[in-house]
Amino acid sequence: MWWRGTAKKPSSVRIVAVPPGEAPLWVREKWVGLELPLTRWNSARTMLGFGAVSGPRTWLTQLWAFARGRSQRIYGYAINASRAIEILDRSSPEAAAWWRENAAEFIMPTRYLIFHAEACEIVADSAG
């Protein structure tokens, strides 16, 4: 059909406000202005997550916490955690180091950071 592919699909989000979370304010402020690629879903959605500092560290303890209702409902975008930290490292090595030192379990390649939708702005894929 001729109209397929004419709409630009979101490919990333730009962080436009300090995201809420457990990281110190100075660390969270360093996300503002960064463009992070969407890798899992192209739209915001409600997900269950944990705090980067207080959350359970292993998959087993996370499953147990989910079962006990200890997770948070967050409406936002899931961003590959290790990729997000790589991008953060380019503009603020100190903030990236904070993540590596204080939340290493949450920034592995198979994990995601959830950025609240109200702190993000969609960036359309210019290729269409």
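Values for this structure:
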item: Residue in region 89-105 that is modelled with the lowest pLDDT, counting only those that are part of a helix (DSSP H, G or I) and among the small types (G, A, S); result: A104
item: Candidate set from region 51-109 (those that are closer than 16 Å to T39 by Cα and among the hydroxyl-bearing types (S, T, Y)); member that is farthest from the chain's Cα centre (by Cα); result: S82
item: Of all residues in region 72-88 being part of a strand (DSSP E or B) and touching a Pro at 6+ places or on another chain (Cβ under 8 Å), the one that is surrounded by the most Cβ atoms within 10 Å (Cβ to Cβ); result: I79
item: Any chance R68 is within 21 Å of S12 (Cβ to Cβ) and out of contact with any strand residue (DSSP E or B) (no Cβ under 6 Å at 6 or more places or on another chain); result: no
item: Residues being under 13 Å from C120 (Cα atoms) and in contact with a Leu (Cβ under 8 Å, 6 or more places away or on another chain) - total across region 25-51; result: 2
item: Region 11-68: number of residues that are outside any loop (DSSP other than H, G, I, E, B), loosely packed, with under 12 Cβ neighbours inside 10 Å and without any contact (Cβ under 8 Å) to a residue 24 or more places away in the chain; result: 5
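The values are calculated or read from the model by the stated rules, or taken from the named source; none is laboratory data. What you are looking at is a predicted structure, and each value in this text was computed from that prediction instead of being measured. We place every Cβ from the backbone using ideal geometry, glycine too, and count neighbours over all the protein chains shown.
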